[in-house]
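K.L.:
Please read through the structure below; I'll follow up with questions.
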Amino acid sequence: MVAQKGKDLLFKIDDGTGAFITVAGLRTQRFALNADPVDITNQESAGRWRELLGGAGVRRASVAGSGVFKDGASDTLIRQTFFDGLIRNWQIVAPSFGIIQGAFQISSLDYRGEHSGEVTFELSLESAGLLTFTAL
């Protein structure tokens, strides 16, 4: 895979009709896939080295982004989703890699404004169910 442009990493939220709209104004984006290991080390473990149980544990994804507040359709949808406490389907599109899609909940939504600057926002999501991956 060749180097990718950061601006091409997209976050998209389901607008409630099954259509996905791109979150506007993002300048930085991050997604992380994590798994909690299950330690099964015991007194018979070879050399007392830790052993892990494959295929066990909890998997999760966390997503974060920050950017310029534009008060567009995606800003309104995100704000309402947060206030309603909804879990919505999202897509994280990474060019030349794939699309991760599934249910996420907004865990934080921060707005910030400097006296001599623009209004910005930060958004954090946590996975809330099964995620799928589709290679591009």
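K.L.:
Any chance you could run the full-extension gain for Val68 through Thr28? It's 0.36 nm times the residue separation minus the Cα-Cα distance, nm to one decimal.
P.N.:
13.4 nm
K.L.:
Next up: Stretch Ser96-Asp84 to full length: gain in nm at 0.36 nm per residue minus the Cα-Cα span?
P.N.:
So the extension gain works out to 0.9 nm.
K.L.:
Then there is this: Helix 73-84 sits at what angle to the longest principal axis of the chain, using alpha carbons and giving 0 to 90 degrees rounded to 10?
P.N.:
Helix 73-84 sits at roughly 60 degrees to that axis.
K.L.:
Just to confirm a number: summing +1 for Lys and Arg and -1 for Asp and Glu over residues other than Ile40 whose beta-carbon lies under 11 angstrom from that of Ile40, what do you get?
P.N.:
Net charge in that neighbourhood comes out at -2.
K.L.:
Enter the Cα centre distance for the pair region 1-37 and region 56-88, rounded to the nearest angstrom.
P.N.:
11 Å
K.L.:
Ok, one more. Using θ = phi - 60° and the Karplus form 6.51 cos²θ - 1.76 cosθ + 1.60, what ³J(HN,Hα) does each residue of region 58-68 get, whole Hz, x for Gly and Pro?
P.N.:
9, 9, 7, 10, 10, 10, 8, x, 9, x, 8
K.L.:
Here is a further query. So what's the convex hull volume per residue for the Cα atoms of region 34-136, in Å³?
P.N.:
It comes to 180 Å³ per residue, whole-number rounded.
K.L.:
Report the label-to-label distance for Ile40 and Gln4 in nanometres (one decimal), using points 7 Å from each Cα along the Cα→Cβ vector.
P.N.:
For the pair Ile40/Gln4, the computed spacing is 3.4 nm.
Bear in mind these aren't lab numbers, they're just calculated from the coordinates by the rules spelled out. In this text, all values refer to a predicted model and were calculated from it rather than measured experimentally. Methodologically, a virtual Cβ is constructed for each residue, glycine included, from the backbone with ideal geometry; neighbour enumeration extends over all protein chains shown.
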